[in-house]
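*Asks:* This structure is in structure tokens; I'll ask about it shortly.
The values are calculated or read from the model by the stated rules, or taken from the named source; none is laboratory data. Model, not experiment: these values are computed from the prediction. Cβ coordinates were reconstructed from backbone atoms using ideal geometry, including for glycine residues, and neighbour counts include every protein chain displayed. Calculation scope for accessible area: heavy atoms of the full protein, side chains included, ligands and nucleic acids excluded. Shrake-Rupley method; radii C 1.70, N 1.55, O 1.52, S 1.80 Å.
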Amino acid sequence: MFGHSKTQAEGYARWQKLFAFIDGPPSQRVISVGNNFQHDYGRSKINFMPVFRAIDAAFDAILPRDSFSFQNISRRVGFDRMARVQQGMDCAFLLPPLPPMEKQDIFTCFFGRSGFEAPERLIAMVEEQTGLRAAPINTWLKLRDSTADADFEAARHQILQSRFVLTDTYHLSINSFTLGVPVIGMGRAEERQRGTLGDFKKKILFDMLNLRSLYCEAGAEEENEYFRQVTEKIRYELARNFNLPDRHALLRHLADKFRADLDAAIFGPPGWQAPAASPDSCKQPAPV
């Protein structure tokens, strides 16, 4: 609706007004939920200090979406205000689960982020070694507005019926986790965030959930060798049924804590009641 800025500088200035309240804090309560703060701000040509000062002054609570973002943003707020920053999660973890469904002899797969040249070779290898049938979700990044809700729910039902999910895509991983379905994650080896669509965030996600052993990073080896390693990992985990449900115990704990912390940030801690508004009050409800 706003259109595109003519230059990157204009876009950044607009972003500061919309999301960092660079012109001063608003009167309403402001909460940051599920955001990515993985950027290496020290290496940037942009001076982020004014932005962090504005965020420090404006936000009543900050719940970043991962452990790395939590540590990164914690270093950039005032020491006396650090209690407002708590580790959160991606907001997709707030989606409700689905009723249990009978498992089919399939695995769901989708590749749309890491640029592997021939993922179809990997799919064939996994089918041959496991005896399971691949069930691609080709519409994952191409949902149409008119059918998006129905297509997304159909994808969730397919995931729930799968033995596991094989993907290089961040939010497909999260949506599988929320349904209790194990994920073999794939990505390029990265040591820092190089863009919001990069692979670093996936490694941090699996680390945060104590699922690092299920994330397969591609290094300098040939793609076929990497695919062989991924296939071997899948065979090994299938033989152990991925150690479920113990494997997801930390995930469930973090998701429950995230929801409770978010409730407290929005509505106040348990037992807290907002003061009654004065009769002449015209303050609008606070946006979230």
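*Asks:* For a quick check of your reading of the model, give me the residue pairs whose first member lies in segment 89-109 and is of a type in the set (Asp, Glu), whose second is part of a loop (DSSP other than H, G, I, E, B) and surrounded by 14 or more Cβ atoms within 10 Å (Cβ to Cβ), with beta-carbon atoms closer than 8 Å and at least 6 apart or on different chains.
*Replies:* Pairs found: ASP90/GLY34; ASP90/ARG65; ASP90/ASP66; ASP105/LEU132; ASP105/ARG163.
*Asks:* Restricting attention to helices (runs of 4 or more DSSP H) lying wholly within segment 115-188, give those where 2 or more residues are over 16 Å from CYS216 (Cβ atoms) and touching a residue at least 24 places away in the same chain (Cβ under 8 Å).
*Replies:* Where helices (runs of 4 or more DSSP H) fall fully within segment 115-188 and carry at least 2 residues being over 16 Å from CYS216 (Cβ atoms) and touching a residue at least 24 places away in the same chain (Cβ under 8 Å), they are 148-161, 170-177.
Residues are listed down the side, and each one gets a yes or a no for (1) modelled with pLDDT of 95 or more; (2) under 22 Å from the mean Cα position of the chain (by Cα):
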{"position": "ARG29", "(1), (2)": "no, no"}
{"position": "GLY34", "(1), (2)": "yes, yes"}
{"position": "GLY42", "(1), (2)": "no, no"}
{"position": "SER74", "(1), (2)": "no, yes"}
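*Asks:* Hey, can you tell me all the residues within segment 112-133 that are of a type in the set (Val, Ile, Thr) and either within 28 Å of the chain's Cα centre (by Cα) or open to solvent by 50 Å² or more (accessible area, probe 1.4 Å) (or both)?
*Replies:* ILE123, VAL126
*Asks:* Could I ask something else about it? Considering only segment 183-198, state which residues are under 16 Å from the mean Cα position of the chain (by Cα) and either among the small types (Gly, Ala, Ser) or modelled with pLDDT of 95 or more (or both).
*Replies:* Selection gives VAL183, ILE184, GLY185, MET186, GLY187, GLY195, GLY198.
*Asks:* Sort out which residues of segment 133-150 are more than 18 Å from SER173 (Cα to Cα) and in contact with a helix residue (DSSP H, G or I) (Cβ under 7 Å, 6 or more places away or on another chain), and write them in order of number.
*Replies:* Result: ARG133, single match.
*Asks:* Here is a further query. Take ALA154 and decide whether it is under 22 Å from LEU179 (Cα atoms), over 18 Å from the mean Cα position of the chain (by Cα) and either open to solvent by 40 Å² or more (accessible area, probe 1.4 Å) or at pLDDT 95 or above (or both).
*Replies:* Yes.
*Asks:* Restricting to segment 223-263, count the residues that are of a type in the set (Asp, Glu) and either touching a Gly at 6+ places or on another chain (Cβ under 7 Å) or surrounded by 15 or more Cβ atoms within 10 Å (Cβ to Cβ) (or both).
*Replies:* Final tally of qualifying residues: 2.
*Asks:* What number of residues within segment 157-179 are among the charged types (D, E, K, R) and open to solvent by less than 10 Å² (accessible area, probe 1.4 Å)?
*Replies:* 1
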